[in-house]
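Q: Let me give you the structure first, and then I'll get to my questions.
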Amino acid sequence: MKKIMLVFGTRPEAIKMAPLVKEFQKHPEAFDTVVCVTGQHRQMLDQVLDIFDIKPDYDLNIMQAGQDLFDVTARVIVGMRDVLDQAKPNIVLVHGDTTTSTAAALAAFYRQIPVGHVEAGLRTHNIYSPWPEEMNRQLTGRIATHHFAPTPLSRQNLIDEGVPSERITVTGNTVIDALYWVVDKIKNNPTLDNELNAELRKAGYDTARLAKGHNLVLITGHRRENFGEGFISMCKAIKTLTEKYPDIDFVYPMHLNPNVRRPIHEVFGEDLSNLGNMFFIEPLEYLSFVYLMEKARIVLTDSGGIQEEAPGLGKPVLVMRDTTERPEALEAGTVRLVGTDYDRIVNEVSSLLDNPEHYNCMSQAVNPYGDGHACERIVNSYKL
Ligand code: UD1
Ligand code: UDP
């Protein structure tokens, strides 16, 4: 029996690790599955744990308002020391590129416990973009023994860095497993529709507006390298778009990071209610977010995970960044980089809204991130 510890702490890691927890739990004869959350995100993590009904065995509860990278790194490493000593896992699994993931991998290394890296091998090759995520994933990749690469390209990135090929498994991205789980749940539960609409109304957006023929642009943003000027420019572009397209609703579930909210207030004012067709709302739990994404015409974001998910729903994604570690999506034509430049954002959104040919080209492209069986492949690799 192998004792597998899955460690995660932020919203996107939780979404992408939740189906893996469930998959390991399906095999109690082979695995003792232990979940440790760091609580790097408190509320946004708990939203995901609730949806997937996961009760962590350990919770470091590290989040502090306005935490910086030093706070998170130090608190995770010190917290993991006691957890590892108590649980004594055979393998520690971490995800992606957050500070939780790198610090937890380092803690496992200090106890000489092999690390499996889920969503391994993504690279921009620019350590400041995204910052600090590119360095986080490179460091985690250096520490890891097993690498679960979502695509052949991410596998190749690892091979180029000298990782032996037998240590790499190409799996697809577990976010597609999570997405299909949610889409099925929504489809198979007729009463959920009402519940989700009520949830969204409570958060500040009434989907009944869409029945009146409104289109929807869904927006998210949170990247550290965009804080300050980048966010101001993004917000100004969004404001211009809301004026240019009064019949389209722009809905922005705001990340809880205060650095994301400050520029929104600077551009749109202190009171964010009653802004006509612009809706700033609280972060949505995953089911409501996917439900809204399904109703959106396009998605404007700097998020990593959304670049993988939205194309799975046939939604074009405009990425407010200069680089992406997801070139497969660029090549497939499902996403397009627009940076944080005011003119570029206004022009690219307008072009997608005004030009049906351009729109169809992006929305019909094939999503390269998997078939929804990534978690099975990871679990199978530990059964051997
Ligand atoms: C983190 C990750 C980033 C990931 C992002 C996903 C690092 C360094 N950054 O960035 O890679 O893409 O999450 O969203 O690992 N806050 C709350 N409640 C929450 C979550 C955040 O209040 O549930 C506020 C707190 O004031 C917190 C701040 O947001 O201090 C920043 O959170 P933090 O995890 O440090 O950074 P993110 O920008 O969320
Ligand atoms: N998401 C969510 N509620 C929201 C906004 C996003 O559940 O209000 C989900 C989204 O579907 C995706 C993930 O959160 O799976 C992305 O998280 P984020 O953009 O914070 O992080 P990143 O993927 O950039 O690391």
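Q: Where a Cα-Cα gap under 22 Å defines reach, which lysines qualify for LYS22, not counting those fewer than 8 residues away within the same chain?
A: LYS2, LYS3, LYS55, LYS88, LYS185, LYS187, LYS383
Q: Same structure again: Using the beta-carbon distance between ASP354 and ARG224 and R0 = 41 Å, what value does 1/(1 + (r/R0)^6) give for FRET efficiency, to the nearest 0.05?
A: Once the sixth-power term is evaluated, E becomes 0.80.
Q: I would also like to ask the following. To check you understand DSSP bridge types, tell me what percent of the beta bridges within the chain (both residues inside) are antiparallel, rounded to 5.
A: 0 percent
Q: Moving on. May I ask you to derive the relative contact order of the range 248-384, considering only C-alpha pairs under 8 Å and at least 6 residues apart, and to give it as an integer percent?
A: Contact order relative to length: 17 percent.
Q: Need one word for the range 68-129: rounded, prolate or oblate. Basis is the Cα gyration tensor (sqrt eigenvalues a ≥ b ≥ c); a/c below 1.5 gives rounded, then a/b vs b/c decides.
A: oblate
Q: By the scheme Lys and Arg +1, Asp and Glu -1, what is the net charge of all other residues having a beta-carbon under 14 Å from that of ASN197?
A: -2
Q: Let me ask something else. Report the paramagnetic label zone for LYS185: residues of the range 17-42 whose backbone N is under 17 Å from a point 7 Å from Cα along the Cα-to-Cβ axis.
A: In the range 17-42, the label zone of LYS185 (backbone N under 17 Å from the point 7 Å along Cα→Cβ) covers 17-26.
Q: Sticking with this one: Using a Gaussian network model of the chain with C-alpha springs under 10 Å, which one of ALA74, ALA332, ALA65 is most mobile by mean-square fluctuation?
A: ALA65
Q: Also, quick follow-up: Can you put THR171, THR151 in order, fewest other beta carbons within 10 Å first?
A: THR151, THR171
Q: Give the share of C-alpha pairs in each 20 angstrom bin for the chain, from 0 to the last occupied bin, in whole percents, shortest bins first.
A: 29, 59, 12, 0
Q: Would you list LEU218, LEU256 from fewest to most Cβ contacts within 10 Å?
A: Going from sparsest to densest Cβ surroundings: LEU256, LEU218.
Q: Which loop GluC sites (Glu not before Pro) in the range 234-279, with loop taken from DSSP, have no more than 13 other Cβ atoms within 10 angstrom of their Cβ?
A: Qualifying residues, ordered by number: GLU270.
Q: Does anyone have the angle between helix 174-188 and the longest principal axis of the chain? Alpha-carbon axes, 0 to 90°, nearest 10?
A: For 174-188 against the chain, the angle is about 60 degrees.
Q: While we're here: Assuming a ≥ b ≥ c are the square roots of the Cα gyration tensor eigenvalues, decide whether the range 127-268 counts as rounded (a/c under 1.5), prolate (otherwise, with a/b larger than b/c) or oblate.
A: oblate
Q: By count of other Cβ within 10 Å, fewest leading, how are TRP131, TRP181 ordered?
A: In order of increasing Cβ crowding within 10 Å: TRP131, TRP181.
Q: Calculate the length of the line joining the C-alpha centroid of the range 122-190 to that of the range 302-350, in whole Å.
A: 18 Å
Q: How about LYS212: which lysines have a C-alpha closer than 18 Å to its C-alpha, ignoring those fewer than 8 places off in the same chain?
A: LYS295
Q: While we're here: Report the Cα centroid-to-centroid distance between the range 210-265 and the range 278-300 in angstrom, as an integer.
A: Answer, in whole Å: 12.
Q: If you take every DSSP beta bridge fully contained in the range 189-292, what fraction is antiparallel? Give it as a percent rounded to 5.
A: Once the DSSP bridges in the range 189-292 are tallied, antiparallel ones form about 10 percent.
Q: Once R0 is set to 41 Å, what does the formula 1/(1 + (r/R0)^6) return for the Cβ-Cβ distance between GLU331 and ASN61, expressed as a FRET efficiency to the nearest 0.05?
A: That pair, GLU331 with ASN61, gives E of 0.50.
Q: What are the ³J(HN,Hα) values, in whole Hz, obtained from phi via the Karplus relation 6.51 cos²θ - 1.76 cosθ + 1.60 with θ = phi - 60°, for each residue of the range 292-306 in sequence order, with x given for Gly and Pro?
A: 6, 4, 4, 8, 6, 7, 9, 10, 10, 7, 10, 6, x, x, 5
Laboratory data are not the source of any read-out in this text; all were calculated from the coordinates shown. All of these numbers come straight from a predicted model, not from anything done at the bench. Neighbour counts are summed over all protein chains in view; Cβ atoms, including those assigned to glycine, are modelled from backbone coordinates with ideal geometry.
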